[in-house]
Amino acid sequence: MASFNFETSPRIVCEQGSAGRIGALAQGLNATHVFIVTDAFLHSSGLTSGLLKGLNEAGLKYTLYTDVLADPPEASVQAAVAHAAGSGADAVIGFGGGSAMDTAKLVALLVRTPQDIPSIYGVDVARGPRLPLIQVPTTAGTGSEVTPISILTTPTDEKKGVVSSCLYPDIAVLDSTLTLGLPAAITAATGIDAMVHAIEAYTSRHKKNPLSDALALQALKALHDNIRTVLAEPTNADAREAMLMGSLFAGMAFANAPVAAVHALAYPLGGRYHLPHGLTNALVLSPVLRFNRPAAARHYAELERALDPSASRDDEPASIAFIERMCALVAEMPFSHTLSGNGVREADLPLLAQDAMAVQRLLINNPREVTLADALAIYESVYA
């Protein structure tokens, strides 16, 4: 067996209503004053009430920061860091989707160990230590609660990542009651996002390993088997919990076996058009699966057999069945499935393709080499 390295968050708490216990969990990290990173909508909707009640009951001070922006720009993160540093907080809680949790990671790091954000983009460039960090996802999609990655938007509308082991949170808290009110479109897009994490981790050309494979398979099955249920029964807490677990498993997988072309082509759509990350992954998933099949047929066939044990033992038909299955699932999701339907201009497709080719950090993981012409053809195939 090839040697490999596997890392993840050291503690995971999965329990309905567990957001109310975060005060006690923070005390276990020797926190006295926590800085909560979230967005205004989540707070105004009352979703933070259980968390704040638990902090009060634990006798902890807290500072609530609600100015997180989607696809967080560098300036937004810098503002959060400055606010946290001025608050005197000695621990950080990320509460929300990927943007809140990615911001929280860098707040925890940069308050404790100040560094210039542009200087720490890339893999293993950022240095610690950081403040204690608890992450609480309110969507089942990003898996950020168990990854060492923070994705930001640069002043030139590029999406870049800070990737460092010092960003792994201390505790991930999965409370499915926090996801019960998610609108259908967000539930769908984030669910597909998590499936992309599992698929790309399983087919990654670099660092794929037995642990990431096992987690990716388990993740994809949990997500695939429950996404229709949570869309049909949005208050089904057990199905929502299964989605959170699937997202977490997928996050653990791709944190160690990195993602590839789907993400590389999705990033420019987020950077240029500020479309939600889960949606952008969903938009390009189907054509990338078709493009990759000549190089990934065996792995796609294995994924199909994990979802359907009666699938063909022949890789060729099983891989085709997997792609057809995923394309059909994406087509069911309640959002526009074309680039034009999401406001993308046809004249920008060559620019988007050029942007995608700059994301070599991810493209090198793809099972099949992607050229500029390939990237443009993929965008064109889902434009209208």
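Of all residue pairs spaced 6 or more apart or on separate chains, those with beta-carbon atoms under 8 Å, a first member in segment 290-301 that is closer than 15 Å to residue 201 by Cα and a second member that is basic (Lys, Arg) and in a helix (DSSP H, G or I) are 300/293.
Taking the criterion of being assigned to a loop (DSSP other than H, G, I, E, B) and more than 18 Å from residue 154 (Cα to Cα), the residues of segment 353-367 that qualify are 364, 365, 366, 367.
If you check 278, 271, 251 for being in contact with a strand residue (DSSP E or B) (Cβ under 6 Å, 6 or more places away or on another chain), assigned to a helix (DSSP H, G or I) and not hydroxyl-bearing (Ser, Thr, Tyr), only one passes: 271.
Check whether at least one residue in segment 202-224 is within 20 Å of residue 366 (Cβ to Cβ), buried (at least 22 other Cβ atoms within 10 Å of the Cβ), touching an Asp or Glu at 6+ places or on another chain (Cβ under 8 Å) and touching a residue at least 12 places away in the same chain (Cβ under 8 Å), and report yes or no. Yes: one or more hits. When 242, 219, 172, 264 are checked against the criterion of being touching a Phe, Trp or Tyr at 6+ places or on another chain (Cβ under 9 Å) and either under 25 Å from residue 286 (Cα atoms) or part of a strand (DSSP E or B) (or both), a single residue qualifies: 219.
Within segment 29-58, the set of residues being touching a residue at least 24 places away in the same chain (Cβ under 8 Å) and not hydrophobic (A, V, I, L, M, F, W, C) comprises 30, 32, 33, 38, 39, 45, 48, 50, 53, 54, 56, 57. Within segment 175-198, the set of residues being in a loop (DSSP other than H, G, I, E, B) and under 30 Å from residue 289 (Cα atoms) comprises 182, 183.
For segment 139-148, indicate whether the set of residues that are over 23 Å from residue 76 (Cα atoms), assigned by TED's automatic domain parsing to the domain that holds residue 27, surrounded by fewer than 24 Cβ atoms within 10 Å (Cβ to Cβ) and touching a strand residue (DSSP E or B) at 6+ places or on another chain (Cβ under 7 Å) is non-empty. Looking for residues that are over 23 Å from residue 76 (Cα atoms), assigned by TED's automatic domain parsing to the domain that holds residue 27, surrounded by fewer than 24 Cβ atoms within 10 Å (Cβ to Cβ) and touching a strand residue (DSSP E or B) at 6+ places or on another chain (Cβ under 7 Å), one finds none in segment 139-148, hence no.
Just one residue in the set 283, 289 is touching a Phe, Trp or Tyr at 6+ places or on another chain (Cβ under 8 Å) and either aliphatic (A, V, I, L, M) or outside any helix (DSSP H, G or I) (or both); that residue is 289. Checked against (1) of a type in the set (A, V, I, L, M, F, W, C); (2) in contact with a Phe, Trp or Tyr (Cβ under 8 Å, 6 or more places away or on another chain); (3) part of a loop (DSSP other than H, G, I, E, B), residue 125 meets all criteria but (2).
Among the residues making up segment 303-322, those that are surrounded by fewer than 21 Cβ atoms within 10 Å (Cβ to Cβ) and either touching a residue at least 40 places away in the same chain (Cβ under 8 Å) or not in a helix (DSSP H, G or I) (or both) are 306, 307, 308, 309, 310, 311, 312, 313, 314. Checked against (1) in a helix (DSSP H, G or I); (2) within 13 Å of residue 292 (Cα to Cα), residue 370 passes all but condition (1).
The residues of segment 333-349 that are surrounded by 12 or more Cβ atoms within 10 Å (Cβ to Cβ) and assigned to a helix (DSSP H, G or I), listed by number, are 340, 341, 342, 346, 348, 349.
Screening the candidates 94, 98 for the property of being in contact with a Lys or Arg (Cβ under 8 Å, 6 or more places away or on another chain) and either outside the structural domain of residue 37 (by TED's automatic domain parsing) or crowded, with 24+ Cβ neighbours inside 10 Å (or both) yields one hit, 94.
Does residue 151 satisfy the condition of being crowded, with 20+ Cβ neighbours inside 10 Å and either in a strand (DSSP E or B) or among the charged types (D, E, K, R) (or both)? Answer is yes for this residue. Tell me whether segment 95-113 contains one or more residues that are in a loop (DSSP other than H, G, I, E, B) and over 19 Å from the mean Cα position of the chain (by Cα). Yes, segment 95-113 contains a residue that is in a loop (DSSP other than H, G, I, E, B) and over 19 Å from the mean Cα position of the chain (by Cα).
Residue by residue, here is whether (1) surrounded by fewer than 24 Cβ atoms within 10 Å (Cβ to Cβ); (2) among the polar types (S, T, N, Q) holds:
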{"site": "158", "(1), (2)": "yes, no"}
{"site": "162", "(1), (2)": "no, no"}
{"site": "173", "(1), (2)": "no, no"}
{"site": "177", "(1), (2)": "yes, yes"}
{"site": "184", "(1), (2)": "yes, no"}
{"site": "188", "(1), (2)": "no, no"}
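Cβ-Cβ contacts under 7 Å between residues 6 or more apart (or on different chains), taken from a first residue in segment 1-20 that is under 24 Å from residue 179 (Cβ atoms) to a second residue that is exposed (fewer than 15 other Cβ atoms within 10 Å of the Cβ) and not aliphatic (A, V, I, L, M), are listed as 20/53.
The values are calculated or read from the model by the stated rules, or taken from the named source; none is laboratory data. Everything numeric in this text was worked out from a predicted model, so none of it was measured. In this analysis, Cβ positions are derived from the backbone assuming ideal geometry, glycine residues included, and neighbour counts consider all displayed protein chains.
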